[in-house]
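Here's the structure, in structure tokens; my notes come after.
The values are calculated or read from the model by the stated rules, or taken from the named source; none is laboratory data. Quantities reported herein were computed from a predicted structural model and do not represent experimental measurements. Glycine gets a Cβ as well: all are built from the backbone with ideal geometry, and neighbour counts include every protein chain shown.
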Amino acid sequence: MSAEAADPGAPLRRRSRPRIDLRRLGRVALRGPVSRDRLPDAIGHVAEAHRAHHPDADLTILRRAYVLAESSHRGQMRKSGEPYITHPLAVTLILAELGAETTTLTASLLHDTVEDTEVTLDQVKEQFGDEVCYLVDGVTKLEKVDYGAAAEPETFRKMLVATGNDVRVMSIKLADRLHNMRTLGVMRPEKQARIAKVTRDVLIPLAERLGVQALKTELEDLVFAILHPEEYEHTRALIAAATGPDAPLDTIADNVRGTLRDAGISAEVLIRPRHFVSVHRVRRKRGELRGTDFGRLLVLVTDDADCYAVLGELHTCFTPVISEFKDFIAAPKFNLYQSLHTAVVGPGGAVAEVLIRTHRMHKVAEAGVVALGNPYAQDHAANAASEPTDERADPTRPGWLSRLLDWQESATDPDTFWTTLRDDLAQDREITVFRTDGGTLGLPAGASCVDAAYAQYGDRAHTSIGARVNGRLATLSTVLGDGDTVQLLLAQDTASGPSPDWLDHARTPAARIAITGWLADHPDEAKPDPETVDAGGPGADGAAAPERDAQPAAPARTRSGPRATGVLVDRPDAPVRLAGCCTPVPPDELTGFVVRGGAVTVHRRECPAVAAMREIGRAPVGARWAAAEGRESDAGCRVTLVAESFGRPRLLADLTEAIATAEAAIVSATVEPPSEQRVRHTYTLQLPDAAGLPALMRAMREVAGVYDVSRAQHPAPAG
């Protein structure tokens, strides 16, 4: 973790305390050992920042950690010319200012000792205990000599797995990267760019997801300066030009202070400057910047009720911009963030964005999981255990992290893991979907029911047949919105699998990896039969695919028609398939047609496609059931049934239960949108014996609300 990084300039940082002179600290650190009862001068600033958040903290362990770190790194220098000890000191200061507890700071001081010195993990464990040892191990890089080009992705995999057990691992890594980025200017330009891109693609999204906005925003600005220097300089000039005593936000802030004072609300009203990347984004969105676009008003109060009181006063005394209102207190973001967002029109029509939050919310907004103190203390553990199904129940193991850890186990190849990790983290917004069992799912924006199925059920989602979204039947491709309620519907047939088409609707790595893995493990079943309906039986609109020419194919996947192993045709060596448009079963009378490549597709004689094929000049081929000649089929039979019904709650669940009771397996199912309160369900089913078909159809007709069940009869294609 000793890679150096760049500092594009002091204007990037608006810190609450002066920057520490690292060269001076380096000289202090080289003065040698100190007495046992005195804190080393070099970490006095760390102790001061730590005590500001934790007044009763025992600093003894910090002293011991510093002594070990300084002695083990003695003689090592950074490329900037500073003693190496200045790096762990700076990383620890960053964490101390964010409010990290003592164990995190101890591990931060030692975080490079095992990687870069003769100190061993056993020594760290013996002197500082299991927790500190785990944190140090979690952030220690894997050696390139052992892993080659895979060292970087596998190091990140190791850190993420360690973070899954202790989120403080990633806190240390983020602070480490921030200090390295601040000092990256000593590196070659090409190395600066490489490190900046990894920071952009991996570390910044992780900081966002862990809610550590103070680190995220500075990392964004540092990356911006390295990868887009011209745009950075232009933005810097705009910010410099907008800074002055008569800034429009100052006037609005004074008016807000007066309004709240008159209302008897105790509040602190601050002007919060936007960071460089934020200003750049606003400029790209709006074109020309307004004077109020360079910052936002921040109103800090004591409790939640005061937040809403402030909101009421602002919306009463100023003209609110209603489209800008968001309540992240009632519905916190997935990364612990809470605040009220609004915008009001000030004097002269100037629009100011306003953030309203408590002091505690502000601390969490800035420091995220770091602000939790020790997240593994007994009170946190008890709270986490009380609601295990809730996405936000355990802040130390958020849902997105659990999902990431689940899919990374399937991405055994380092390149696949690295690419998938970047793609996953690039999804910069999450939605919350409510489950009907009372839990929640956190999914990326644009996620579908396919993603929800794999997030909830893992590999069991292979048997998904549909969903209910907000109480209404929906297809698996349905895109979910924030706050939707979803109930996933699974087939009883555990042997069925996903369609390749599901990949078109899967946004999450967990879903894509699971689907891809199943298709790779079932290559024969994964090839859609071109003579049958794509994705299993009728499409979303209930219509079958028309008969068409096709090349012979391998045995079809479970969501398409099977090869007709129980059918004989008058072309002995020709491949034979059952048509998906009418799914014949014994004792249906059959007829077949030769298609391109010599295969024979077999239909029921009354199928509309038969007449269409005759009209275009296709000669029929004799076909009959093998059982009629004393042979037994070894594949059961497949049939497509259409159930006409009136819409009602639990209709789909009752129909699938009736199908399962009749010992039929659902291969695929589609549900058309309701029309005049009527719903059409189309099922492709696998029966162990065709003799059971009449009883199955009777059972489906007996389901309340169903007024007809028939064999699929799709219109013949024109011409």
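How many residues are of a type in the set (Val, Ile, Thr) and surrounded by 24 or more Cβ atoms within 10 Å (Cβ to Cβ) when one looks only at segment 156-184?
3
One residue is enough: does segment 496-504 have a residue meeting the conditions of a type outside the set (Gly, Ala, Ser), touching a residue at least 40 places away in the same chain (Cβ under 8 Å) and surrounded by fewer than 23 Cβ atoms within 10 Å (Cβ to Cβ)?
no
Give the residue, chosen from Asp41, Asp58, that is modelled with pLDDT under 85, in contact with a helix residue (DSSP H, G or I) (Cβ under 9 Å, 6 or more places away or on another chain) and of a type in the set (D, E, K, R). I'd like the intermediate steps shown before the answer.
On the way: Asp58 fails: modelled with pLDDT under 85.
Just one listed residue meets the conditions, Asp41.
Here are Glu115, Glu126: which of them is within 36 Å of the chain's Cα centre (by Cα), modelled with pLDDT of 90 or more and surrounded by fewer than 18 Cβ atoms within 10 Å (Cβ to Cβ)?
Glu115
Take the residues of segment 71-80 that are among the charged types (D, E, K, R) and under 40 Å from the mean Cα position of the chain (by Cα): which is surrounded by the fewest Cβ atoms within 10 Å (Cβ to Cβ)? If you could, list the steps in order and put the result at the bottom.
From segment 71-80, those among the charged types (D, E, K, R) are 74, 78-79; that's our starting set.
Then keep just the ones that are under 40 Å from the mean Cα position of the chain (by Cα); that gives 78-79.
Details: Arg78: 18, Lys79: 13.
Looking at the filtered set, the residue picked out is Lys79.
Run Ala426 past the list (1) at pLDDT 85 or above; (2) touching a helix residue (DSSP H, G or I) at 6+ places or on another chain (Cβ under 9 Å); (3) over 22 Å from Ala660 (Cβ atoms) and report the number of the one that doesn't hold.
The one condition Ala426 does not meet is (1).
May I ask you to list the residues in segment 42-62 that are over 40 Å from the mean Cα position of the chain (by Cα) and not polar (S, T, N, Q)? Don't jump to the end; show me each part of the working.
Here is the first cut: in segment 42-62, the ones over 40 Å from the mean Cα position of the chain (by Cα) are 42, 44, 60.
Passing the criteria: Ala42, Gly44.
Among the residues of segment 445-462, count how many are surrounded by 20 or more Cβ atoms within 10 Å (Cβ to Cβ) and either touching a residue at least 60 places away in the same chain (Cβ under 8 Å) or assigned to a helix (DSSP H, G or I) (or both).
10
Can you tell which of Ile204, Ile252 is surrounded by 22 or more Cβ atoms within 10 Å (Cβ to Cβ) and in contact (Cβ under 8 Å) with a residue 60 or more places away in the chain?
One residue alone meets the criteria, Ile252.
Let's see how each residue does on (1) in a helix (DSSP H, G or I); (2) within 24 Å of Met187 (Cα to Cα); (3) touching a residue at least 40 places away in the same chain (Cβ under 8 Å):
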position: Ile61; (1), (2), (3): yes, no, yes
position: Ser71; (1), (2), (3): yes, no, no
position: Leu89; (1), (2), (3): yes, yes, yes
position: Thr106; (1), (2), (3): yes, no, yes
position: Glu115; (1), (2), (3): yes, yes, yes
position: Val119; (1), (2), (3): no, no, yes
position: Tyr134; (1), (2), (3): yes, no, no
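Could you figure out which of (1) hydrophobic (A, V, I, L, M, F, W, C); (2) surrounded by 16 or more Cβ atoms within 10 Å (Cβ to Cβ); (3) out of contact with any Leu (no Cβ under 8 Å at 6 or more places or on another chain) isn't true of Ile356?
(3)
Among the residues of segment 253-312, which ones are in contact with a helix residue (DSSP H, G or I) (Cβ under 7 Å, 6 or more places away or on another chain) and of a type in the set (Gly, Ala, Ser)?
Ala263, Ala267, Gly291, Gly295
Within segment 660-702, how many residues are surrounded by fewer than 21 Cβ atoms within 10 Å (Cβ to Cβ), modelled with pLDDT under 85 and in a loop (DSSP other than H, G, I, E, B)?
The number of residues fulfilling the criteria is 9.
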